[in-house]
1. Going by what's in this entry, would Ile82 be described as of a type outside the set (Phe, Trp, Tyr), open to solvent by 70 Å² or more (accessible area, probe 1.4 Å) and touching a residue at least 24 places away in the same chain (Cβ under 8 Å)?
2. Is it fair to say Tyr172 is within 22 Å of Leu98 (Cβ to Cβ) and hydroxyl-bearing (Ser, Thr, Tyr)?
3. Given Ile141, Ile97, Ile102, which one is touching a His at 6+ places or on another chain (Cβ under 7 Å), crowded, with 16+ Cβ neighbours inside 10 Å and not small (Gly, Ala, Ser)?
4. For the range 115-138: of the residues being among the small types (Gly, Ala, Ser), part of a helix (DSSP H, G or I) and open to solvent by less than 50 Å² (accessible area, probe 1.4 Å), which is farthest from Gln186 (Cα to Cα)?
5. Could you list all residues from the range 59-92 that are farther than 25 Å from Phe175 by Cβ and assigned to a helix (DSSP H, G or I)?
6. Just for the range 39-65: of the residues that are under 18 Å from Ser85 (Cβ atoms) and of a type in the set (A, V, I, L, M, F, W, C), which one is farthest from the chain's Cα centre (by Cα)?
7. Which pairs do you get when a residue that is within 14 Å of Gln41 (Cβ to Cβ) and crowded, with 18+ Cβ neighbours inside 10 Å, found in the range 54-74, comes within reach of a residue that is modelled with pLDDT of 95 or more and acidic (Asp, Glu), reach meaning Cβ atoms under 7 angstrom, with the pair 6+ apart or on two chains?
8. Can you find a residue that is assigned to a helix (DSSP H, G or I) and open to solvent by less than 30 Å² (accessible area, probe 1.4 Å) anywhere in the range 163-173?
Amino acid sequence: MAVLPENVSEIQNDNVLTFLLRANRIVLNPLDIESIKNSYQHIFSKAGYTFSTETLLYMTKQTQGFAYAFQLLGYHLWEKIIHSSNKTISISDINNILDIYISELNRNVYFKVYSDMSEREKEFVQAMVKSKQHKVKSQVIGNLMEKGPNYIAVYRRKLIDDQIIKPNGYGYVSFLLPYFDKFVEQEMILDEF
């Protein structure tokens, strides 16, 4: 159910699955960088592998705190290194699995997230991508969409609640999901054909 909060609501409201209405619903925040880093280090070092601090931080950053990405990247790295006699994990090892990692994020999560967005939400994230900035001022998004601050605030709040974007300083937002900007950019190009 990663990043699909509306699907949780759908399931909870199913007439046959009423027992889920009695279940507690927990909204998970992104994992903190320190926990991800320590988990990767613990798991891989326990199996006899070593990282430089730079490599460990690089790997951690690829997840942006997204729990599914944390699991997926760790899984693909594990699958790659168990077939190697080298016990030192490098940035190039991580780069060698990024294509499959990103492809699976796109296929398993981002396609569903994006297809379930309203047209206005899509316009919002497309404006973020068009800005070509990591963190985007809401005013820039409004200018690109040709909409006022109140209009932008509605979709900003919805996308934050849906855990697609996050506040990133006063008046700024950035994508919460790793490589989601690349997915949106790809969808924008596909829409042109």
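The values are calculated or read from the model by the stated rules, or taken from the named source; none is laboratory data. The structure presented is a predicted model; accordingly, all values stated were derived computationally and were not measured. When we count neighbours, we look across all protein chains shown, and the Cβ atoms used for this are built from the backbone with ideal geometry, even at glycine. We work out accessible area using only protein heavy atoms, side chains counted, and drop any ligands, DNA or RNA first. Shrake-Rupley method; radii C 1.70, N 1.55, O 1.52, S 1.80 Å.
1. No, not satisfied.
2. Numbers: within 22 Å of Leu98 (Cβ to Cβ): no; hydroxyl-bearing (Ser, Thr, Tyr): yes.
Against the criterion (within 22 Å of Leu98 (Cβ to Cβ) and hydroxyl-bearing (Ser, Thr, Tyr)), Tyr172 does not qualify.
3. Ile97
4. Per the stated criteria, the residue is Ser138.
5. Of everything in the range 59-92, those that are farther than 25 Å from Phe175 by Cβ and assigned to a helix (DSSP H, G or I) turn out to be Trp78, Glu79, Lys80, Ile81, Ser92.
6. Ala47
7. Hits for this filter: zero, empty list.
8. Looking for residues that are assigned to a helix (DSSP H, G or I) and open to solvent by less than 30 Å² (accessible area, probe 1.4 Å), one finds none in the range 163-173, hence no.
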